[in-house]
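> One structure coming up, written as structure tokens, with questions to follow.
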Amino acid sequence: QLDPFYASIILFVGRAWDAVTDPMVGFFISKTSWTRFGRLMPWIIFSTPFAVISYFLIWFVPDISRGQVMWYLVFYCIFQTLVTCFHVPYSALTMFISREQSERDSATAYRMTVEVLGTVLGTAIQGQIVGKVVTPCIESPLFIGKTNSSVAMEELNMTHDTGSLTDTRNAYMIAAGVIGGLYILCAVILSVGVREKRESSELQSDEPVSFFRGLKLVMNHGAYIKLIAGFLFTSLAFMLLEGNFALFCTYTLGFRNEFQNILLAIMLSATLTIPLWQWFLTRFGKKTAVYVGISSAIPFLIMVAVLDSNLIVTYIVAVAAGISVAAAFLLPWSMLPDVIDDFKLQHPDSHGHEAIFFSFYVFFTKFTSGVSLGISTLSLDFAGYQTRGCSQPSEVNFTLKMLVSAVPVGLILLGLLLFKLYPIDEEKRRKNKKALQDLR
């Protein structure tokens, strides 16, 4: 029941907070002493229970008349910090399990397959539990534009089914509990099943550097900046598509009861095609895979906005979008270890920056999610979106078409242009691999 403006503020402040915590956590991890569990695993183990508690409290509605905005802002920032303490070392583990590029690529493919599968599972759990609560839509009242807005909101609240709202709150709490349980289960499997190899990331030199010098070295590495720039725009494109697809299916296409299944089609398609892209990048190279995989979504995104509402066409677009989502998930993460190897060759005396590289990558993943949510919320609010409305004004339908078609297409093209500047091709990868072996 928060105003959309305050929801946007919470999201933006949370992402700004991430801008501080992600590199800081990456630096602290790089300075963490090795233990019998490794350097990264203690961060994962100790952050998990607190992350689950804070996640649960995000979905809890406190019985207070004032201060709800501060409640959600505080627990949202706490949760983002604790997720950083999990996700940065979890992602950086790729560099600590093998020295071989091929093995790291394989590990990344397995990791991203299961991450997308986890997204499918989370989408299904949240969608099915919350979706079982039938929340009636509200017919758009004509008097909203003619009377005082507070009076209009009071009238709307009078039509709101209190019992339905209580059931919806309970459904969100149950979903949060189930997903929190999965979080703990997966953390236990990770901590028991994975072992770090200290020698996998270390060269012969071992000279510690300060946070700011390390940050400067990392952010001045050209290949890294070009990779995260391309990653930023392509990720934002797919985040906008995924974040607005439910509303687009409900209001613009008229498939109110199908959007959960359509979203599952996207994510299942992504899960099943990650192995295909892993084979493609080993056969034709990673840069070629980026161009082919991510650009393949463009004609289908244009098709869904131009053609008339058709359920079969929508499912075809969903499957095609999933294939591109798989490439967008896998390829930037697969390319990051190559950038780190390139950095090590250029700075052989600078050691232990893997976590900082991965922390900025994690930050941009969460940053694009927040930006897409903020853009969507403010755009729809400006267009006159009616919460729980049975129908929406024509301006909202136009805005939704822009958010799932025109804007993602433009962002994909911009991202691919930036990937064009990325300097590490297959020949460069082979040279770096040989040079690293000699250096070790």
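> Check GLY389: other-chain or 5+ apart residues with amide H under 5 Å from its amide H, H built from backbone geometry?
Sorted by chain and number, the residues that satisfy this are ILE138.
> Between ILE44, ILE356, ILE375, which gets the highest mean-square fluctuation from a Gaussian network model of the chain, Cα cutoff 10 Å?
Looking only at ILE44, ILE356, ILE375, the biggest GNM fluctuation is shown by ILE375.
> Find me the longest stretch of the chain that has none of the exposed GluC sites (Glu not before Pro), where exposed means in a DSSP loop (not H, G, I, E or B) with at most 13 other Cβ atoms within 10 Å.
Result, exposed sites excluded: 140-440.
> Can you send over the solvent-accessible area of ARG256, 1.4 Å probe, protein chains only, in Å² to the nearest 10?
100
> Here's something else I'd like to know. Let's see if you can work this out: charge +1 on each Lys and Arg Cβ, -1 on each Asp and Glu Cβ, no other charges. What is the dipole magnitude of the chain about its Cα centre, in debye to the nearest 20?
With Lys and Arg at +1 and Asp and Glu at -1, about 1060 debye.
> Once you place label points 7 Å from the Cα toward the Cβ at ASN257 and SER309, how far apart are they in nm?
Label-label distance for ASN257 and SER309, simple model: 1.4 nm.
> Out of the total accessible area of the range 210-439 (probe 1.4 Å, heavy atoms of protein only), what percent is carbon and sulfur?
Numbers: 6170 of 9230 Å².
That fraction is 67 percent.
> Right, something else. SER235 accessible area, nearest 10 Å², 1.4 Å probe?
20
> For the chain, report the accessible area per residue in Å² (1.4 Å probe, heavy atoms, rounded to an integer).
47
> Please give the peptides 265-276, 172-183 ranked by average Cβ packing (other Cβ atoms within 10 Å per residue), highest first, as a rough proxy for protection.
Descending packing order for the listed peptides: 265-276, 172-183.
> What ranking of VAL133, VAL74 comes out by heavy-atom accessible area, probe 1.4 Å, highest first?
Working: VAL133 30, VAL74 65 Å².
Ranking VAL133, VAL74 by accessible area, largest first, yields VAL74, VAL133.
> Let me ask something additional. For the chain, what is the calculated [θ] at 222 nm in deg cm²/dmol (nearest 500), taking -39500 (n - 2.57) for each run of four or more DSSP H residues and dividing by its residue count? Please report the intermediate quantities before stating the final value.
On the way: 16 runs with 326 residues, N = 440.
So the calculated ellipticity at 222 nm is -25500 deg cm²/dmol.
> Using P(r) over Cα pairs in 20 Å bins from 0, in percent as the read-out, say which of (i) 23, 56, 19, 2; (ii) 22, 48, 24, 6, 0; (iii) 26, 58, 16, 1 was calculated from these coordinates.
Working out P(r) over Cα pairs in 20 Å bins from 0, in percent from the coordinates points to (i).
> OK, next. Under a GNM of the chain (C-alpha, springs under 10 Å), which listed residue has the highest mean-square fluctuation: PRO393, PRO332, PRO89?
So, out of PRO393, PRO332, PRO89, the one fluctuating most is PRO393.
> Right, something else. Quick one: which of 307-313, 297-303, 400-406 comes out on top by average Cβ neighbours within 10 Å, and what's the full order, highest first?
Those peptides, ordered most packed to least, come out 400-406, 297-303, 307-313.
> Still on this structure, I have one more. Among SER405, SER191, GLN437, which residue has its Cα furthest toward the positive end of the charge dipole of the chain, with +1 on Lys/Arg Cβ and -1 on Asp/Glu Cβ?
Value: GLN437.
> Also: Roughly how many Å² of ASP381 are accessible to a 1.4 Å probe, to the nearest 10?
80
> Under a point-charge model restricted to the Cβ atoms of Lys and Arg (+1) and Asp and Glu (-1), what is the dipole moment magnitude of the range 210-439 relative to its Cα centre, in debye to the nearest 20?
On the way: 18 positive and 14 negative charges, 100 e Å.
Dipole magnitude for the range 210-439 comes out near 480 debye.
The values are calculated or read from the model by the stated rules, or taken from the named source; none is laboratory data. Values in this document were obtained by computation on a predicted structure and should not be read as measured data. Note that we place each Cβ from the backbone using ideal geometry, even for glycine, and neighbour counts take in every protein chain shown. Ligands, DNA and RNA are excluded from the accessible area calculation, which covers all protein heavy atoms including side chains. Shrake-Rupley method; radii C 1.70, N 1.55, O 1.52, S 1.80 Å.
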